[in-house]
Amino acid sequence: MNKCNNQPVITLKTTHKQGGREFTIMIQKESEGGYSGQCLEIPGVISQGETLGELKKNMREAIQLSVEYLKDKAKSENKKIVKISA
């Protein structure tokens, strides 16, 4: 179990599908209440929620906004987007 400010925290991983893609979310129960999450595949995509359900909803929205932003940025900079599978 991890600790944050000497408080035990729970770290879980869950996967969300967005547009046919799956993303892994590291979820942490916060010592002050609620949950925070971080998308492992897209740096900087983080969110929070009072409940796990609210966090998952907020993470889906954060991922969607980030993917849309990255697509728009690539298009405006005349960059190509290709799909690969690992």
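Just a few scattered comments:
- Number of residues in segment 32-48 that are surrounded by 18 or more Cβ atoms within 10 Å (Cβ to Cβ) and farther than 29 Å from A86 by Cα equals 1.
- In segment 46-57, the residues that are over 11 Å from G34 (Cα atoms) reach residues that are among the β-branched types (V, I, T) and surrounded by fewer than 18 Cβ atoms within 10 Å (Cβ to Cβ) with C-beta atoms within less than 9 angstrom, at least six apart or across chains, in these pairs: K56/T14.
- So G44, is it in contact with a helix residue (DSSP H, G or I) (Cβ under 9 Å, 6 or more places away or on another chain), at pLDDT 90 or above and not acidic (D, E): yes
- Residues being over 13 Å from the mean Cα position of the chain (by Cα) and not aromatic (F, W, Y) - total across segment 55-86: 18
- When residues of segment 7-29 are limited to those that are surrounded by 14 or more Cβ atoms within 10 Å (Cβ to Cβ) and more than 25 Å from K71 (Cβ to Cβ), the one modelled with the lowest pLDDT: V9
- Residue within segment 43-53 that is among the aliphatic types (A, V, I, L, M), out of contact with any Leu (no Cβ under 7 Å at 6 or more places or on another chain) and in a helix (DSSP H, G or I) present: yes
- Residue, farthest from G33 (Cα to Cα), within segment 58-86, restricted to residues that are small (G, A, S) and surrounded by 10 or more Cβ atoms within 10 Å (Cβ to Cβ): A74
- Odd one out for I84 among (1) modelled with pLDDT under 85; (2) in contact with a strand residue (DSSP E or B) (Cβ under 7 Å, 6 or more places away or on another chain); (3) not basic (K, R): (2)
The values are calculated or read from the model by the stated rules, or taken from the named source; none is laboratory data. Small disclaimer: the values here were computed from a predicted structure and weren't measured. Please note: Cβ atoms are built from the backbone with ideal geometry, for glycine as well, and neighbour counts cover all protein chains shown.
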